[in-house]
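The values are calculated or read from the model by the stated rules, or taken from the named source; none is laboratory data. Predicted model only: the values in this text are computed from it and were never measured. Heads up, the Cβs are rebuilt from the backbone with ideal geometry, glycines too, and the neighbour counts pull from every protein chain shown.
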Amino acid sequence: MLRNVRVLDLSRVLSGPFCTRMLADMGAEVIKIESITGEPMRRYPPFKGGYSSYFTQWNVGKKSLCLDLKQEKGIDLVKRLVSVCDVVVQNFRVGLMERMGLGYTVLRKLNPRIILCSISGFGQTGPETARLAYTDIVQAYSGLDYIAGRMRGPGADPPGFPVSFADTYASLNACISILAALYQREISGEGQAIDISMLDCLLAANDSTLQQYLFSDGAWDRPIGIWRAPLRMKDGHMGVALLLQFERTTRAIGRAELTQDERFSSVAAQVANLDQFLEIVGEWARDITVEEASKIFDEFEIPYAKVNSTREILESQVVKERSMLCDVELPGVGRVPVVNTPFRFSARPTGPQGRPPGLGEHNRCVLTELLDLSEEELEALANEGVIRQERG
């Protein structure tokens, strides 16, 4: 669907590469600019045939152009590519693009239709622009860690998160913004700059706690999300819609009289006395197996799910039928699975458009086909260390 869109990807690690992976899966041509030593995540284990699992996941279907951006000739090549691209995505430290001579003012002169999407921890403006940001830093700053700690009780230590929400939310919002800017360009004929802040994305995705605090003038400072914590069963854990199905839950656990209890006489009362309700349900759950509880929840039509292990979810029928795993070919290894992107369209297929690129693998095709460089010019650039000779 994006087969006529060309993206110049200057981003690294996750907050940009996930965005450009989604664009590539929708058919865009994505040219990944890597340093002479390559994207840092190429060195992140585990590996198959020299390919990092992390790098593979976020960079399938892209082309790799290996440039030394500390040399003026490397910057000049980027500028020339901007003139034949539609979108530039970057997640450098704020101000670095300008110092390299690649700020939006410069790019717009080179190509008035260019769309520049800049992803940073705290935005291109504001008092925290200079702060270095990775997902753990932004999630701590945003209050997400605090909220998670409060779910475990006042004064509890934040548990931390095994998933990089700040990065992935930023990528999702960057992708949405780029698609909107491409649509707007069809109307106006002009590109624009997009400013994506990881912090902004986390705040916008906070579904309840911030607004509860604001609506209560600061009086409400406990996450209602505590009711979302998995229920401990006799032989495992389950996610159960306890509060949303309060009356059904009381009948399911044999405590229908709780609906007449003043502590739970309204939704507001149920929320206010949530700890007590969870303690009652928890006592029931401790003596019930996951299988037994599943039958009971089915009977009373209460939404639930067993807490699956990584193996269990990847081997599940729903993942298979939804095509959330797909294969790519790695040289010398064969076909290996990667996690698919989640969108499904009726008119066009989506998914990885090829394997992850070798470092600098597409130097020749990008520079000769898009910039009309000769073999002699390529050799001279390689000898000067501006480009790194490709390898498979």
Out of everything in the stretch 145-167 that is in contact (Cβ under 8 Å) with a residue 40 or more places away in the chain and in contact with a helix residue (DSSP H, G or I) (Cβ under 6 Å, 6 or more places away or on another chain), what residue ends up being farthest from F92 (Cα to Cα)?
M151
Residue hits (the stretch 270-309; more than 18 Å from R232 (Cα to Cα), modelled with pLDDT under 95 and part of a helix (DSSP H, G or I)) are Q270, V271, A272
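Select from the stretch 53-89 the residues that are of a type in the set (A, V, I, L, M) and in contact with a Pro (Cβ under 8 Å, 6 or more places away or on another chain) and list them in ascending order.
Filtering the stretch 53-89 down to residues of a type in the set (A, V, I, L, M) leaves 60, 65, 67, 69, 75, 77-78, 81-82, 84, 87-89.
Hit for the stretch 53-89 is V60, nothing else.
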Yes or no: the stretch 362-375 includes at least one residue that is under 29 Å from the mean Cα position of the chain (by Cα) and small (G, A, S).
no
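Take V94 and tell me if it is touching a residue at least 24 places away in the same chain (Cβ under 8 Å), assigned to a loop (DSSP other than H, G, I, E, B), surrounded by 15 or more Cβ atoms within 10 Å (Cβ to Cβ) and of a type in the set (A, V, I, L, M). Lay out the reasoning, then the answer.
Working: touching a residue at least 24 places away in the same chain (Cβ under 8 Å): yes; assigned to a loop (DSSP other than H, G, I, E, B): yes; surrounded by 15 or more Cβ atoms within 10 Å (Cβ to Cβ): yes; of a type in the set (A, V, I, L, M): yes.
Yes: the conditions hold for V94.
Restricting attention to the stretch 108-129, does a residue exist that is among the small types (G, A, S), within 30 Å of N4 (Cα to Cα) and surrounded by fewer than 20 Cβ atoms within 10 Å (Cβ to Cβ)? Don't jump to the end; show me each part of the working.
Narrowing the stretch 108-129 to residues among the small types (G, A, S): 118, 120-121, 123, 126.
Those left that are additionally within 30 Å of N4 (Cα to Cα): 118, 120, 123.
The next check asks that each one be surrounded by fewer than 20 Cβ atoms within 10 Å (Cβ to Cβ); those that pass are 123.
Within the stretch 108-129 (the criterion being among the small types (G, A, S), within 30 Å of N4 (Cα to Cα) and surrounded by fewer than 20 Cβ atoms within 10 Å (Cβ to Cβ)), the answer is yes, since at least one residue qualifies.
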